[in-house]
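S.K.: I have a structure I would like to understand better, so I am pasting it below and will then ask my questions one at a time.
The values are calculated or read from the model by the stated rules, or taken from the named source; none is laboratory data. Everything numeric here is computed off the predicted structure, so don't read it as measured data. Cβ placement follows ideal geometry from the backbone for every residue including glycine, while neighbour counts extend to all protein chains displayed.
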Amino acid sequence: MSNSEIGLNKFNKEDKFLEGIPRYIKFLEEIKETFEQLGVSFELDIEKLTKDDIKKIQILRDTILYKNYEQLNLKKENPFIQFLIGNLKIILFSIQVNGGWLVFDFFDLDAINNNYKIMAVSKDKKQQARHSPYLLFEIPKLFSMSNLKLNVIEASFKKIVYDNDFSFNLTNNFLLNLLEYYDQHKHKKEILDLTINLYEYINKSQPQNVLSFMNKMQTIKRQREFTLEEKMEIINRKNQEQHTNEILCGFYILLNSSIEFEIQFNKLSN
């Protein structure tokens, strides 16, 4: 037999390890549930996360699963809470209700609408309208969020009443910025579907809105060739009424009419 010794504390360490396995499994299950509720795919290697990352995950778990906000620095003047975990960036939204706090996923539209009213106000303060909370961020920042949900953004803009130019212009500017972002990130094809869906929604309530029609067709053109019916519709809309030189230039771009565009553009320049 070997004369080597086995320390008595070895068994204590193994026992503690075995006792910790159920807690570790529960923690992993809670992580999975937390990120599923946020709609975020969690593919980070737990073993490679820093202690700070683990701490943030625990706080995020407590916030989402248990509504425990003790470790959050909640401020009324800044309702946004950012979690940076590895290569993930998760944005939550906070609001004071009934003397306490409520914190939830920034892309939980029902929670926002039930507790908060986003009012857009013009620079001269003469116009205001209830609008989408996602106007608050520039497009690149929105797309940097790991919990981004495009279907939620679409739903938020479909809740807007488009009965005035101010509401339409806000949405139109957002969608044009979205298209500009797409032109730099052409692998994000879902942006085109979102944009087309929203312009079609607006066209139902504002069928005479030529700008909405043209921007929808601009988006379709990024996606595919026009059908014969679509080409005829563009021509009919162009011929239906008098248009500004800017609008006519837009029609000629849609129709690939380079000569007509050049003539109209020269008029515009003059």
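S.K.: So which helices (runs of 4 or more DSSP H) are wholly in the range 110-206 and hold at least 3 residues that are closer than 24 Å to Met217 by Cα and without any contact (Cβ under 8 Å) to a residue 24 or more places away in the chain?
M.R.: So the answer is 165-184, 190-205.
S.K.: Which residues, counting only those in the range 71-101, are over 21 Å from the mean Cα position of the chain (by Cα) and either farther than 24 Å from Phe42 by Cα or in contact (Cβ under 8 Å) with a residue 40 or more places away in the chain (or both)?
M.R.: Result: Asn73, Leu74, Lys75, Lys76, Glu77, Gln96, Val97, Asn98, Gly99, Gly100, Trp101.
S.K.: Separate question: Take the residues in the range 234-269 that are at pLDDT below 90 and among the small types (Gly, Ala, Ser), then tell me which one is nearest to Lys216 (Cα to Cα).
M.R.: Ser257
S.K.: Okay, moving on. Of all residues being more than 24 Å from Ile81 (Cβ to Cβ) and of a type in the set (A, V, I, L, M) in the range 140-168, which is farthest from the chain's Cα centre (by Cα)? Just the residue, please.
M.R.: Per the criteria, the residue is Val161.
S.K.: Tell me which of these Ile46 doesn't satisfy, since it passes every other one: (1) over 23 Å from the mean Cα position of the chain (by Cα); (2) under 19 Å from Lys149 (Cα atoms).
M.R.: (2)
S.K.: If you take the residues in the range 109-164 that are within 29 Å of Asp183 (Cβ to Cβ) and among the basic types (Lys, Arg), which one is surrounded by the most Cβ atoms within 10 Å (Cβ to Cβ)?
M.R.: For the range 109-164, the residue satisfying everything is Lys149.
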